[in-house]
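This report concerns only the one structure given below.
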Amino acid sequence: MMVATKIVCLQNEGRKRIRKYFLFILKIFLFSTLISCISANEVRRLDGSVSTVILVVEGNGGEQKIVSDEFELTPSEIIVGGKSVSNTKTYNLEVGTFDVTLKFNSGLTTLAHMFKSVTNIKEVDFSGFDFSSVESMHGMFLDCSDLQRVTFGEANAPAPTDVEELFQGCSKLEFVDLSKFDFSNAPSFNEMFLDCGELTEVKFGNMPSSSIVSMKETFQNCAKLESLDLSKINFSKVTTMEKMFNNCGCLKYVNFGNIDSSSLTTVKAMFQLCRQLESIDLSQFELSNMQNMEMMFEDCSNLQNVNFGTSATPNLQYMRQLFNGCSSLTSADLFNFNIVHVIDMDMAFKGCSNIKEIKLGNTGTSSLKQMSQLFEGCSKLTSIDLTRFDTTQVTTMASMFKDCSSIKYIYIDNFQTTSITDVSSMFSGTSFFFFEIP
């Protein structure tokens, strides 16, 4: 009986060992299957050790750049067509279209000039990239003239501090989704999309707090951009929007939301050459610190209406060419403008051939020096009230009313000519004029 019992026990022990071994093998199999079902990008995100960028590259049959020479780092591995190649910034690509995977160690702090002037890249996918430490994206895609699409996927809340020139010169780029990015620590959007001639849409995320100070030339020469929603951006610290939309020839609408523009000092040439812009509502703009409005709407040939609201402009100095070439503008209400510190009004309304009414600021103009060509070509203007104008320091009124063929009444009061040196062609092309002095 003892022998039989021992044999049974040994048999049971053997079964247990076999069962444990079987379960161990099964666990390995299930884990391997699970891993194979997870995409490579997801695995890389989980372990956090490697960041990947996937490119679609057009090969030209010779050696060409994959990463810019100006980029500080070299990829730890490059995979072309499923084959791992040496870690280099250039590679000999045959003629055709190739998927190129770049691997970097995570923890990168700068992507500045990463693909600068790499002209053969058509698409970039950052879905497997770790942005958590990235501070600079300055000129990241500068002059990538063949780039058509950039995918950031569910980027892990990147918060770069430098995004200047980010997509400058990407002349074929059509759409960018930046809604996952937090730009609240970036002080400048300068030239961010400059010369993106095919760009039609940009999505920004919420920026309730912001460090943005400058938006100079942000969308300049985005010739196909028709509308833009900037309502989620905090503009409270922005001081300049110079040339922000300059030469956006198809632009028709911009949503600024409930904008806080109390720090804004210059909008020079902001909408210059926006020839499809018909109406713009700037009634929410606070202009108390505004100094320079030169050429703000110059050559906006379809512009019919501008609403400045009731904001005063106690620090305004420059209005030169403000509406120059706005041939569709029918009226201009600047009555609430404080123009006491304005120095230059040259050509402010030149070429406004359909304008019938102009209401100028309700303050004096004791600093004014330049008034040449101020109303030149305003052929439908019948009268103008200049009774609040102080012209003591004005040096030129050349061509001031030239070709104002319908002008009948000019109301003046403190119109001094002691400093004037040039009045040439002041009334050339006017058939009749009448001064009325109160």
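Diagonalising the gyration tensor over the Cα atoms of the stretch 47-141 and scaling each eigenvalue by 5 before taking the square root yields semi-axes of 21, 15, 11 Å, largest first. Look at the Cα gyration tensor of the chain: its axes a ≥ b ≥ c give a/c of at least 1.5 with a/b over b/c, and that counts as prolate. Taken as Cα centroids, the stretch 358-429 and the stretch 226-287 sit 29 Å apart, rounded to the nearest whole angstrom.
Mean sequence separation of contacting Cα pairs (under 8 Å, at least six apart), scaled by the length of the stretch 96-179, corresponds to a relative contact order of 31 percent.
On a 0 to 90 degree scale, rounded to 10, what angle separates helix 2-37 from the longest Cα axis of the chain? Tilt relative to the chain: about 20 degrees.
Take each peptide in 92-100, 318-326, 259-267, count the other Cβ atoms within 10 Å of every residue, and average; sorted highest first, the result is 318-326, 259-267, 92-100.
Take each peptide in 343-356, 70-83, 120-133, count the other Cβ atoms within 10 Å of every residue, and average; sorted highest first, the result is 343-356, 120-133, 70-83. With a threshold of 29 Å on the Cα-Cα distance, the entries 122/224; 252/380; 116/224 are all at or under it.
The order of the peptides 184-193, 55-64, 403-412 by mean Cβ neighbours within 10 Å, most packed first, is 184-193, 403-412, 55-64.
Every number here is computed from the coordinates shown, using simple stated rules; none is lab data. Fair warning: this is a prediction, and the values are worked out from it, not measured in the lab. Heads up, the Cβs are rebuilt from the backbone with ideal geometry, glycines too, and the neighbour counts pull from every protein chain shown.
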